[in-house]
Every structure is written in structure tokens, then in C-alpha cells.
Amino acid sequence: MKVWTINRQILIWMLMVAVLPVVLLTAYYLYSYDDNFKKQTFRNLSHIADNKTYQMDEHIRERIRDGQFAAQLPSTKNALKKLLLAFPERFSQQDEFLQLQQRYSKNLQYLLEMGYYDIFLISPAADIVLTLAHEADLYTNLSDGPYASTELAAVVGAALALQEPALSAFVYYPPSKGLAAFIAVPVLDKGVLLGVIAFQIDIFGLQAIVESKIGLGKTGESNIVTIHNQRPLLVIRPVVPTTPIKLQMQPLAFRIGWPMQQALEGNSGQVVTVDHKGQEVLTIYRYLPFLHAGFVVKVDSDEALQELNSFWIVSLSVLFLILTLVVIIAYYLSRFIAQPISALTTLSTAIAAGKHELQLKPEGSYETKQLATSFNLMLQQVQHERVMLEQRVQKRTFELVRQEQHLALYRDQSPIATIEWDVHCRVIYWNKAAEEIFGYTVAEVEGLTFLDFMIPEQVKAEASDVWERLISDRGGTYNINENLTKDNRVITCEWHNSLLKDASGAVIGVTSQVLDVTERQRMAAVLKTLAESGRGEENLFNIIVRQLAVSQGVRYALVSQVDPENPVDARTLAVWANGDFMENFTYSLKGTPCENVTQQGACLYSEHVQELFPEDQLLVDMQAVCYFGVPLTSVDGQTVGILAILNDQVMAKHPSTSQLLASLAVRAANELERQQAAEKLQFAARIFHETHEGITLTDAKGIIVDVNPSFCKITGYSREEVIGKNPNILSSGQQNKRFYRDMWGSLAETGHWQGELWNRKKTGEVYAQLMTISVLLDADNKPMNYVGLFSDITIAKQQQKSLELMAHYDVLTGLPNRSLFADRFSQAIALSKRNKSLLAVCFIDLDEFKPVNDAYGHDIGDKVLVEVAVRIKEVIREQDTVSRIGGDEFTLLLGDVHSVEQCKQAMRRVHQVIAQDYNIEGQVLTIAASSGMTIYPLDSADPDTLIRHADSAMYQAKLAGRNRYHLFDASSDKRVLEHHLQLNMIAEAFDRNEFCLYYQPKVNMLTGKVFGVEALIRWIHPENGLIPPLDFLPYIEGSDLEIRVGNWVMQEALQQLDNWRSQGVFLEVSVNISAFHLQWPDFYKQVDAALARHPKISSQLLQFEILESSVLSDITLISDIIKHCRELLGVRVALDDFGTGYSSLTHLRRLSADTIKIDQSFIRDMLEDPEDYAIVEGVIGLAKAFRRDVIAEGVETKEHGLMLMKMGCAQAQGYGIARPMPAKNIQNWLDEYRSFEEWSDFIES
């Protein structure tokens, strides 16, 4: 396999590291940009299509409302009445009828300006009595005439039948020789049907909307197609606007293609396709249900994506240049790096071949020189390490010899016999304990097998079998058998055998641990014999009393126990009466012979016992004549019970009876004590095994002889693993020798010790334990055992440590908390007074930290706070204090400074490190901070006030633009504090949802139509009631709260539009937007997102009212924002309070507003003040000149309305129309609203 040179490897890796990421990142970026650009292009095209669809829909709805308005006019009703009367005589009185037609045609002529091509008056019998266009359908009957199958006939029939307005489809109409849609409205007079007024919609009005190319560029276009007689009809612009629209009867696929087919099938969507010219186009298609037509908006992809294509060309060119440059640099850099390394490789190979005297010559770059120098040092180190290794081997050899000597001493001095055998069963080692057990010296047995001297003849075969199984590793590791001593005694030994193996695993011998258990076996035999006497289901006491009574031939025998808690009473343990057992009972000792037995010892009353003890009712019940009792005495000489026999005959004294009673009394006393001891042992065993504390029992030498289950649970060691071991196997090494010396000293002096120590579990985990050690003494008052009782208190120690930490430090950042900060604050002030130095008290609040939490989550936010704490600590001195007092707020104490400038320099460093980027889990975040600072003793207030002053200065820094510090100034900060408090109160009210929107209607005074409302914010205070806007809005100007409130108003208004839409109410809602809110960087995104949350609401129903004087701050920026909102989102814009600014003409020219709103200050006094009248007239004239809608606010009387209509302004709002009201009241107001009659009559006048 060919090995590449380092030069080539470096070149290849450099190219992979440099080129591959560049190519991948560039590809990803270009793909993302391409995808986002196309999506944005389709969104813009979709906005245009939606706006056109809304405009066409609104155009049709407006015509319907105008038709309803015309049907209610007295002039319409009068014309229909007159024409219907004269219609039957139209031929006989032709001149009179024509004059009548001309008269009413003139009266109706102004209605054509509302967007109609023709107007019809039709009788209840469906006769057309009047048309303004005078086409072929005049005088025809729509029920059975030549046009009975037209859409006009259909809607007229529907209007007559249902007495409701009807709208026709958008189809070809023969008399007009073009496309037509009709509106038929019944004309009622006091509930009586007079006929129908029908309107032929002017298609040219729709054509203007369709063919508008705003936002579509040079190649963009839009088309409407409908179906007539199963053939598509394409609307085209007429040559003469006054003539009906012509139709081009062409195949649909030829004209539009697949998108229009989808639209005619009722679908809506977007697609990239090829049009009839063979040109690729971006297409949006919609179905228009109100026209029964398809609608398509398209633009050539070459034009729409021209910017994207240019971007691709430039990006790929730049990428090629970068890659070329990277390859060239990598080539020369690899040669530069590899050349000196190759030279070093040659010399290193020679040294590796054994030429250690060679030295590498440092040359080449800095790194290669360092490599040569380090290599030479490495050779010297290797020589040194070889010498050190030889020394360590010698030292280790010495240690092994010493350890072997210690092991030999241990084996020789061990109390357990240790014997080692070779594989042929010959003795090769025999310690002192083995000599003591068997009587042979090592010289006497060395080389002999165990069969030669220690195994009785009768068990040699069995012993040989055990050896074979042991040496072949098949068992025999433990056994008990009889052995012979040197003096020919037979003893019983317990053998523990283990194989000895070399490093390869081959068996090289056996080692045996031997214990002489002869005495133990003999004791076990005695105990067995005693135990067998009490085996079985029968109680030992029952056996005693029965055997005693039967053997002595008496009627009664009993064993009783003195009550240890109440010694004047006794309770029987067994009672034999008249040949059978009776139930046990308790009796009083007072006045009985049993009392004498407990006090005097054995007592015999051979006769007259009842006379001797007249108070003993038991003697009477038993008809006792004689009594013989002996005490049951414990090992400590205390009387614990009585064994007695009673009979109804005189009892003779026999020594055998006394001996028998005494013997049985001893046996009963032993059994009683045994039972008591067993109960105590059982109780102690339960405590030992069930207590949660660990218990360790050692012998006098400190060797563990037993442990309880809790010990095993706590330490992780099993009982078998620790028996026979020293407790120091648990040692953690954290206690020094003095600790243990003091512990043993306390045990020797007082007999107990209690304290805390750290031990180590089997797993290696260190734990804390609270331990009590007590000494158990033998009869000679010498230590016999040690009992250790302990519990694991690790968690308690950890909790204690955590509580101590939490009491003084912030859990998240590890910085001092308020408590520790207050303590250090007092110390810092004392130091400042003592040293006559300055103390800077600083309050820091992070800017825009809440959006980080909202956008990335609290885990990321917490990590940012930790990083901020680390950075601040790095730039301040060790004696300075930084504390986190909550949230994103920090305080600093900069002590022992001697000038204010020194404090400012420190704060500049803090601000610089905080403002640097934060890379948290792959997210690059940028935040800043605002801080306030006050200087003690220049500000000689108390600590709490100093903190408040620093906090106030910090707020001043925020007002000044954030990301800065501010030095406290008492005079100016008082006003700021008051403003700050008021702003906080308003923010809290906003968070408590105390704000709501009222709506003031806007009407067209000419038609009486309510076309919109203005959303006005109100504060409903729980105690003070409704608070007007001027009392709270000035406080939030220029603050973050102003943006939050503005966004809330916009969202609430859109939600109310959605609610009204579901109720069938369609109104335009205008909201007031401040210049500060408008210049917010995310304003456009916020509006786009708010509209997206309400897809069923047309964006044209939302209007922004912008105060004219506020745009002076940055008219260029604000103009661009307004333009984007209007053209891309379809939002309407109005200039509020027009005429109060400084450059109204400039504003009209530069701001693309839809509507001008005349300020109410001019409207209010225009009837009396000629100057105000002239201003209003001038504003209306400007609006007409700039083709803007105009609306007047502050219309309070009908006279104001009449004057405005005369001046050419028909739209108005004010208290004369309606006061602002809650949204829930709008529907009722709409139902009840009636315009002033003078305003309605203004049209005819």
C-alpha cells in the first residue's frame, strides 16, 4: 500500500477542512435563500390576488347596498307607481308615456354613477317598464318573453317571489351583447309590493380592478373567466369605455390553461406553470363564488425571480474565486510545513537505529525548532528514567523481602494452626499453633504425609478420598474429622483447605487452617442431652408437675412465677390437680405458705396447713392438709418462683422428696431463666436484625465477629466479607491518627465514645456516619467485646451544607445572595470610613433578557445568567463583591477606590464583557445591561437608600437608551422615579387585563351607511373606574410597554373583526399606531403574523391611524414602513389629526396614506370661526387633489354634517353620531341607528 508524504497529506486535509465546509455551507445557504425567496414571491402575489378578490367582492356588495338604498327612495317608488299606471296605455298614449319615461330616467340617472351599466323598473307581472340604456329588452315580459331564460329574468323572479334582493351569475346577456350580472331589489311601499328595481352591474368597474398592475411589474396580469353554455368566456378591455364589455369566445386552455380550469372547478391555490405563450409563470388562482367565475393572477418567472437568478450567478462566481484562492494557499502552506519535518524525520530514523549520541539540530520554523529541542530533552529524560527505574527495582525488591518476613511472622504467631502440603501430601510448613495442637515439632513432621502420623486407622481411606478430591479441585475444602496427637489422644479438628496455584494456574500444593474443636463438641453433646429432655409438644413445667405428683402420690403439684413487676403476686406456670392439668391462674402471696417460701426458703407443713394460713382461700378450695414448697432461685440468688406439692393427707418428711424437689427446682429455675433469656435474646435479635442503624460487634482485639443487616445495607459488604476483618477496611483516610488515638483513649477512660466520622463503602463511595462505640467488660472488668452502633448521615450532612450554601449564596450563579451582600455592604462601609476611601454601589439590570427566556426557554436563560456572573467576577477585583439579588438584577460593591473616574472605568469594563456574544448550546445570543451607580460617602445615605439610589440611576440609564451606566443625581432622579412608579403601575394594570377597547362608529352621511369604527383604548380601574387615555398614555410613550400595548390593541381589534364577521357584520376597524411603535424593528412581522392568525379577515378591513405630527421623527423610514404595509399586506392607512403638523403638504406627497382625517379642533369651531372653516375647506381640497379619501372627526351636530357634505366631505365620526362604546353594544347600535333626515334629504336637494 502506497504511503503518501506528509506534504500531500497536509495538502489534502487542508483542502478537506477548508473547502468541504465552504461548499456545504454555501450550498445550504443558496438553497435556503432560493426557497425563501420563492415563498416570499408567492406570498406577495397571493396578497395581490386576495386584495383584488376583496375589492371585487366589496364592489358587488356595495352595488347591492346601493340598490337597496335606491329601492327605498321615495322617487323610486313614485316613478314605479306612475309608470305602472301608464304602462297599459303606452301605445295609445305613446308621447305621454315617453315623456313620463324621460322624466323618471333623468331622476334615476345619478344612480348610474354608483357603478351600474343599466337600471330597470319592472312591474309585479315581470314587464320591463323602464330601462336607462333603452336596449331591446324594454317592454318585454321576463316571464314568457324572449329573455325569459336570462339571468335578469331569474333574479327578478326571485326578488318578486321572496321579496328580498337577489344577485345573478356573471354570464352573457344578449341585449347588451356582453357579460352582465344583475341585482334585483323589490320595491315595497308600506308592505305592498310595487315591483322590482333591477341593476345591471357595470363590468367596466370590475375590469379596472382586474387589470390593475400595481405590484405585478411589467409582465404581470390578471384575468377573470366565467362559463356560458358550457364554454369559457374571457373578459377583455373594451375599446370604448362607454360600450358594454365584449367577450372573446376562445377555448379556455388556449387562453389561460390549467390554473384557470382549477379555479373554475372551485379550487384556489398557487403553481408554477407555462402559459399559452410558452412562458414559465408564477400563478395564483382563485374561485370567485359571488361571480361564479375563475380568477388568475400571474407574472413571468423571469421577472419575478430576476433578483434570485442574479444572486445565484454572483454567489457561484464568488465561491469559485474563494475555492481557487484556498487551493493555492493550501498548496504553498503544506510545502512550508512539510519541508523541515522531512529533514527532522531523517535524523530521527538514525537515532532510532541506535545512534543515541546524535543530537537533532534545531532549525526551520519555530515549531520545528521546538520539536528538535524537545526531542533532545526527551533523549536525556530516557537516560535519566532508566537509572531511576533500576533504583525503584532495588527498592521494590527490598520491600518484598520485608513483607515476606512479616508474612512469616504472622503465620508463625497466628493462633490458628497453618499447615502447607506439597502435591504428594508431604508437610512443607508447620507453624507454632500446629505444634500446640498436635504436639509434633516441624522437624518431626517435615516430609511426612498426614496418613503417617495424624489420621486414625479406621478413617484413613476416607481421608485419602478427601485429599484426592481436594488436589483435583473437586471439593474437600472443608471437613471435620478425628485426628491423633503425639501422645496418642484423639481430638476433633475443623479443617479449612485451599489449593495453592502458580501463575499459570497449575496446582503446586495445599494450605490448611486447623482449629481444635474437641471441647466445643463435648459441650454440644451435653446441650443436646439437656435439650432432648424438653423436646416435644409438652411443656417442661407440665412434665415436672405431673411427674412430681405421680411420683409422690399427691393430689396437687404446681410451679409458679413471682410477678417481677408486682412481687406480692404469683402466676402459675403449670398446675396438676386430681390426675389432670388445670388452667393457670394468678394468686396473691400474702398470707400463704408460698410467701414464706419466697422469704425463708424451702418450707414443709406436714399437717394443719389451713389453720396455719387461714387467709389462704386456695388451701380451702384444695382441701389441703399439707404443703411442701421450695423456691426457684436464679443464678444471682433471687427467688423467681415456687415449686410446691399439696395433699389432703398428712405428709411425712422424706429426704428423697426434698432432694427431688430441690433437683426439680433447679431444673425449673433453669428452664424459667432459659425462657426469660430466650425472650430477651429474641428481643435483642430483633433489635439487632431489624434496627435501621448498623451494628458491629468485635472481639477485644477489634476483629469483627458479627454485623447486622443494616451494616451490610449501609456499607455494601456482606456479612461473610467482614467477619474476621478489622473495621479499618471501611476507613476513608479522612480521619488522621490523632482522631483514632483520641477515640481509643475515650473508650479506655469512659467505656464509650460517640462522634461523626467519614468511612468508605465497598463501592468506594465515602459516606458520613454518626457512631456510638461501647465497651463490654468480662468478669475481670477487662474489655471482652466492642459494640459499634452507627447510622448513615450523609444526606443530612449534604442538606446541612446545602442549607448553609443557600443561606448565603445564590443557588443558580453561586454569587452572594441578599443576606451575604448586606453583611459585606456593612463591612465595605466600615472600611470606607476607616480608610477614608470611596465605595461605589452599583445596580445592574440586563436589557432585553425577557425575550431570551421567551424565545429560547428558561434553561438557556439560566445559563446566560451564570455566564454573566462569571464575566463580571473576571473583571472586578477579588476584594469587590458582586451579588445576584433576583431575576436578571445584580449589585456590585467596588470598595477602596479613590476617584469617581476609577469607578466609571470599572463599570465600563463590566458593560464591555456583558455585551459580548454568548454561545449557549449552539445559540449565539447578544444582550446588554443598564446600570446605575452612587458613590459613598458623596452620597451619605444608609445602605438601603444607597441601593434605591443606584436602582433609580439604573432606570435613568434605561431611559437614556440602555446599554450604559448612569451616576446618581438626586434632583433629576426624583422626577424619573415618579415617572418610573407610574409606568410600573400601568404595566401591572396591563398584566391584570384591566384594559379594554371601545369602538366609535364612522358613517357615510350621504348614504347613512356605517362603514367602520375606530378602536379606542380604555383603562377600567377596579377602584377608580374608567380612566381616560390622556391620564395614562403619556407615561408609556417611548417605552417597551407602548409597543406591548400597541400589539395588544392590534390583536384585539382583529379578533373583534373575526367575531363580527361570524355575526354577519363587516366593518373597517382603525387602530392608532404611534411613531415609536411604527419604527419598532419587528413591526412589519408583528402585523403580518397578526393577520395570519385571522385568515378569514381581509387585511383591507384593518386601518392604521398615524398621528401626522409624529412622523416628523423619521419621515423616510416611516414612509417605507407604511408603503410595505399597504402594498404587501393590504392594510389601509390614515393620517390622523391632519393639519396640526408642520409640513402637511410634504406628508401628503411622501406618505402613501389612503385617508386624511381632519382634526376635531378645526371641525368643532368651523361654523363660527372663518379660519377653521378655511382650514377644513383647504384640507378637503388637498385630499381631492391628491386623490385621498377624507373623514372628519369631532362631528357633534347635524349642522356640522350638512356643512361638511356641502364642502365635499361625506365621511364623519363624532359624538353627534355615536360615542365610543364596548364591542358588545355595536350590534344593537347598528340595528337602531338612523341618520339625520336632513342628511338623507341632502342627496335630492
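The residue of region 1104-1145 that is modelled with the lowest pLDDT, among those that are crowded, with 20+ Cβ neighbours inside 10 Å and of a type in the set (Phe, Trp, Tyr), is Phe1138. Checking Leu618, Leu604 one by one, the residue that is in contact (Cβ under 8 Å) with a residue 24 or more places away in the chain and either of a type outside the set (A, V, I, L, M) or outside any helix (DSSP H, G or I) (or both) is Leu604 and no other. Within region 73-102, the set of residues being more than 22 Å from Phe199 (Cα to Cα) and basic (Lys, Arg) comprises just one member, Arg90. Taking region 777-793 as the range and being in a loop (DSSP other than H, G, I, E, B) and either in contact (Cβ under 8 Å) with a residue 24 or more places away in the chain or of a type in the set (Lys, Arg) (or both) as the test, the residues that pass are Lys782, Ile793. Whether a residue is surrounded by 19 or more Cβ atoms within 10 Å (Cβ to Cβ) and at pLDDT below 95 was assessed, and Tyr587 does not pass this test.
How many residues are among the aliphatic types (A, V, I, L, M) and either surrounded by 15 or more Cβ atoms within 10 Å (Cβ to Cβ) or in contact (Cβ under 8 Å) with a residue 60 or more places away in the chain (or both) when one looks only at region 960-973?
Residues of region 960-973 among the aliphatic types (A, V, I, L, M): 960, 967, 970.
Now drop any that are not either surrounded by 15 or more Cβ atoms within 10 Å (Cβ to Cβ) or in contact (Cβ under 8 Å) with a residue 60 or more places away in the chain (or both), which leaves 967.
Final tally of qualifying residues: 1.
Restricting attention to region 912-945 and to residues that are farther than 26 Å from Asp823 by Cα and of a type in the set (Gly, Ala, Ser), the residue that is surrounded by the fewest Cβ atoms within 10 Å (Cβ to Cβ) turns out to be Gly922. Checking Leu846, Leu831, Leu865, Leu892 one by one, the residue that is surrounded by 13 or more Cβ atoms within 10 Å (Cβ to Cβ), in the same structural domain as Asp944 (by TED's automatic domain parsing) and over 35 Å from the mean Cα position of the chain (by Cα) is Leu831 and no other.
Within region 546-557, the set of residues being modelled with pLDDT of 90 or more and in contact with a Phe, Trp or Tyr (Cβ under 7 Å, 6 or more places away or on another chain) comprises Tyr556, Ala557.
Can you confirm whether Val129 is assigned by TED's automatic domain parsing to the domain that holds Leu193, assigned to a strand (DSSP E or B) and at pLDDT 90 or above? The answer is yes for Val129. Within region 1180-1195, if we keep just the residues that are modelled with pLDDT of 90 or more and aliphatic (A, V, I, L, M), the residue that is farthest from Phe1011 (Cα to Cα) turns out to be Ile1180. When only residues in region 590-619 that are more than 17 Å from Ala570 (Cα to Cα) and among the polar types (S, T, N, Q) count, which is surrounded by the fewest Cβ atoms within 10 Å (Cβ to Cβ)? Here the residue is Ser606.
The condition of being surrounded by 15 or more Cβ atoms within 10 Å (Cβ to Cβ), under 30 Å from Gly637 (Cα atoms) and not small (Gly, Ala, Ser) holds for only one of Arg667, Arg686, Arg674, that being Arg667. Taken over region 1038-1067, the criterion of being more than 20 Å from His979 (Cβ to Cβ) and among the acidic types (Asp, Glu) is satisfied by Glu1052, Asp1058. Would you say Ser952 is surrounded by fewer than 19 Cβ atoms within 10 Å (Cβ to Cβ) and of a type in the set (Ser, Thr, Tyr)? Judged against the criteria, Ser952 is not a match.
Being within 26 Å of Leu1204 (Cβ to Cβ) and modelled with pLDDT of 90 or more holds for only one residue in Glu1171, Glu1177, and it is Glu1177. Taking region 813-843, which residues are outside any helix (DSSP H, G or I) and of a type outside the set (Lys, Arg)? Thr813, Gly814, Leu815, Pro816, Asn817, Ser837, Leu838, Leu839, Ala840, Val841, Cys842, Phe843 - these are the residues of region 813-843 that are outside any helix (DSSP H, G or I) and of a type outside the set (Lys, Arg).
Tell me, yes or no, whether region 1038-1047 has at least one residue that is touching a Leu at 6+ places or on another chain (Cβ under 7 Å) and among the hydrophobic types (A, V, I, L, M, F, W, C). Taking every residue of region 1038-1047 in turn, at least one turns out to be touching a Leu at 6+ places or on another chain (Cβ under 7 Å) and among the hydrophobic types (A, V, I, L, M, F, W, C). Contact annotation: no residue pair with Cβ atoms under 6 Å, 6 or more positions apart or on different chains, pairs a residue in region 1174-1202 that is under 15 Å from Leu1006 (Cα atoms) and not assigned by TED's automatic domain parsing to the domain that holds Gly1214 with a partner that is part of a helix (DSSP H, G or I) and among the small types (Gly, Ala, Ser). Residue-level check: of (1) in a loop (DSSP other than H, G, I, E, B); (2) at pLDDT 90 or above; (3) among the charged types (D, E, K, R), Lys1157 misses just (1).
Residues of region 633-646 that are in contact with an Asp or Glu (Cβ under 9 Å, 6 or more places away or on another chain) and surrounded by 16 or more Cβ atoms within 10 Å (Cβ to Cβ): Val640 alone.
Of all the listed residues (Arg63, Arg8), the sole one being touching a residue at least 60 places away in the same chain (Cβ under 8 Å) and loosely packed, with under 13 Cβ neighbours inside 10 Å is Arg8.
The number of residues in region 1087-1103 being touching a helix residue (DSSP H, G or I) at 6+ places or on another chain (Cβ under 7 Å) and surrounded by fewer than 17 Cβ atoms within 10 Å (Cβ to Cβ) comes to 1. Checking each residue in region 1001-1050 for being surrounded by fewer than 16 Cβ atoms within 10 Å (Cβ to Cβ) and of a type in the set (S, T, N, Q) picks out only Asn1024. Of all the residues in region 717-730, those that are within 47 Å of the chain's Cα centre (by Cα) and surrounded by 16 or more Cβ atoms within 10 Å (Cβ to Cβ) number 2.
For the criterion of being free of Cβ contacts under 8 Å to residues at least 12 places away in the same chain, more than 24 Å from Pro851 (Cα to Cα) and not in a strand (DSSP E or B), Glu874 fails.
The values are calculated or read from the model by the stated rules, or taken from the named source; none is laboratory data. Keep in mind it's a predicted model, so treat the numbers as computed, not measured. Don't worry about glycine lacking a Cβ; one is built from the backbone with ideal geometry, like all the others, and counts go over all protein chains shown.
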